[in-house]
Each structure stands twice: as C-alpha cells, then as structure tokens.
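The values are calculated or read from the model by the stated rules, or taken from the named source; none is laboratory data. Everything numeric here is computed off the predicted structure, so don't read it as measured data. All Cβ positions, glycine included, derive from the backbone under ideal geometry; neighbour counts span all protein chains shown.
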Amino acid sequence: MQAPGFWFSDPERPAWPARLLAPLGALYAAGTALRLRKARQFTADIPVICIGNLNAGGTGKTPTVIALLERLQGRNVVAHVVSRGHGGRLPGPVQVDERHHSAADTGDEPLLLAAFAPTWVAHSRCDGLRAAQEAGAQVILLDDGFQDPTVHKDLSVIVVDALRGFGNGRCLPAGPLREPVAAGLARADLLLSVGDTTAQALFRTVWGGAFTVPHLVGQLELLRMGMDWQDQSVLAFAGIGHPEKFFATLRATGANVLRCEALSDHQPFNATLLRRLEQEAVSLGAQLVTTEKDAVRLPAPFRPKVLTLPVRLRMTDWGVLDQAFERMGL
C-alpha cells in the first residue's frame, strides 16, 4: 500500500486532506475498538508472540519475525510462524512448502519465512495456531494479527518505521493508522522502531511522549553474501510497503542504480511487466535487482535473471526480549 503524502505530515499540524477526512478516521477507530471488545478469544497451549503494527503498510515486521526466529532457535526453542498469507488462495491451515507452493498459494511473506522455520497459513488465525501447536511448536510467532481480537497473545511487539513514525497520528483514511497510537500501545508489551540513527532520533523527538511500553531499537543491515555491488549497474524494482527504502539501501552499497521501478505492495508479476523490465535492463546494460520478498513472487524461470539484496534486522539490545522469553519459559 502506498500511503498518500499527507499521511506523514506533522501530527501537530496535519495537512488539510487529513483534517477533511478526520471524521471518517474517527469512525474507523471506533469500529476497530468495538471489534476488539466484542470478539471471543482462543488461547493456545503454548506462548504466542505477536509481531504487529499500528500502521497500514510496511513497517519491518518480516525482518523482525526472522530476527526473533533466529534468536529463539539460538535458545534451542522450536518456533513456528502463523500468518494469514496476504493474497494467498489457500484457506488453510496448511504448512508452507517452498517446493510445492507459490506466492499465489500462500502469500509472499509466508513463502519467505518458510525458509527459516515451519510456517503455517490460515485465513483463521485460531486454526493456524491449533495446527502449529499440534505439529510440535514450543512457541508461535504470529505474523501480524495485533488487531485480531480472536487470538490471545502472550507478548505483543509493535513494529514501526522510525523515519515515518505514526505519520500524522490519524486513522484510515485520514492517516496511516489502523487504530489510535494510545489505544494500540495500551494493549502492546513492546515497541520496536526500525531505522538508522537519524531516523531514531526523529522518532523519539516526535513520538517519545506517547511511549507507554519499553522502546526497543533496531536497524536493517545488508546481509553480506560476497557480492560486490560497487559500481554495478542495476535496474531495481520492488513491490513492498515502502520501495524507496530498498532503493536507498541499494545505493548505499555503491551500486550504480540506473532506474527504479516502485510497484504496489504484494503486486503480482505478470508476463508483460517482467518482459518490460528485462528489456529495459538489457537496453541499459543493467542487472535486475529486487528484494527477498519480491523474489519469491517471481516465476521460477525468471528468478535466475534477478539478484536479491537481503537485509537482516540488527537489534541494539536483546535484553528486554530475552527477559520476556524467560518469563514465558523459553
């Protein structure tokens, strides 16, 4: 989802479209609050850690899930992932199999996460949790679902892009939020902002007064795979929440980024689009490059033509999360 520019205006002085849409935003917030109050919860027999957000669109949840998986695996804990599988056609619950499933079956994030841990997709998160615990999970990472009131969470981590913060602080469609910041953080256990030092400072300046839970800090870093990007001519394309972040990371490697193609989040790759990208890359003498999440949506015959730029989340301090794991017996 590509957010309108006014979503990320100053929360103290929102742009006029945000003010005009404010009544609709208030209705959206009221609807979310009502849904959260009325639903019945399913409680799993094992701990459930929710990695969610208050913003619509990309905030860094998938790298956060991967980082938590690796941390839990380092503690010899069997962790599974449960996701609704955005855009996937399988109602589930089904365990994602990279050999047999496509992004059209499961959604792109579950297909990527399946490379790191057993991953389940289910339109009903309750059914997904049941399937994971029956399959031997000791803990479940719930990818998204913070606003799903049907599932009990033992730990909820809210992930936010430090540079964009909570935008203008208003709910859809007047702003980028699924629910008000105060209401969301009141139900959360931890807040994780993802971004570089400058972005983190901005986030604390604008939003620090709203923090009511422990604030964790992380930064996305390039995973070194032996590829020398310096002066490599590339045509970059990405269909993630905020493609410009990927393009900036690619430029920071020293690559010569000749052109960028920003696509909508989760956009399917049809033959016409891929043919055009390939022809443009050939005419520019450039290498096609995309993100890990986009790469899993590419048709198998096309994947060898595209390089990926993998990133991983580096936490500044794991102390608070490690303590939370220990309280859950992990």
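Taking the options LEU250, LEU192, LEU258, name whichever one is assigned to a helix (DSSP H, G or I) and either within 23 Å of ALA56 (Cβ to Cβ) or touching a strand residue (DSSP E or B) at 6+ places or on another chain (Cβ under 7 Å) (or both).
Exactly one of LEU250, LEU192, LEU258 is assigned to a helix (DSSP H, G or I) and either within 23 Å of ALA56 (Cβ to Cβ) or touching a strand residue (DSSP E or B) at 6+ places or on another chain (Cβ under 7 Å) (or both), namely LEU250.
Within the stretch 61-76, track down each residue that is in contact (Cβ under 8 Å) with a residue 60 or more places away in the chain and touching a Lys or Arg at 6+ places or on another chain (Cβ under 9 Å).
If the condition is that a residue be in contact (Cβ under 8 Å) with a residue 60 or more places away in the chain and touching a Lys or Arg at 6+ places or on another chain (Cβ under 9 Å), then THR62, PRO63, ILE66, ALA67 are the ones that fit.
Tell me, please, whether a residue that is under 30 Å from PRO47 (Cβ atoms) and surrounded by 16 or more Cβ atoms within 10 Å (Cβ to Cβ) can be found in the stretch 219-228.
Yes, because at least one residue in the stretch 219-228 is under 30 Å from PRO47 (Cβ atoms) and surrounded by 16 or more Cβ atoms within 10 Å (Cβ to Cβ).
Could you list, in sequence order, all residues of the stretch 280-304 that are part of a loop (DSSP other than H, G, I, E, B) and either under 22 Å from THR106 (Cα atoms) or not assigned by TED's automatic domain parsing to the domain that holds ALA248 (or both)?
Those that are part of a loop (DSSP other than H, G, I, E, B) and either under 22 Å from THR106 (Cα atoms) or not assigned by TED's automatic domain parsing to the domain that holds ALA248 (or both): THR291, VAL296, ARG297, LEU298, PRO299.
For the stretch 250-270, enumerate the residues that are within 21 Å of GLY88 (Cβ to Cβ) and not hydroxyl-bearing (Ser, Thr, Tyr).
Result: LEU263, ASP265, HIS266, GLN267, PRO268, PHE269, ASN270.
For the stretch 161-184, which positions are free of Cβ contacts under 8 Å to residues at least 60 places away in the same chain and farther than 19 Å from ALA199 by Cβ?
Correct list: ALA182 only.
If only one of ARG312, ARG327 is basic (Lys, Arg) and exposed (fewer than 13 other Cβ atoms within 10 Å of the Cβ), which one is it?
Residue meeting the stated conditions: ARG327.
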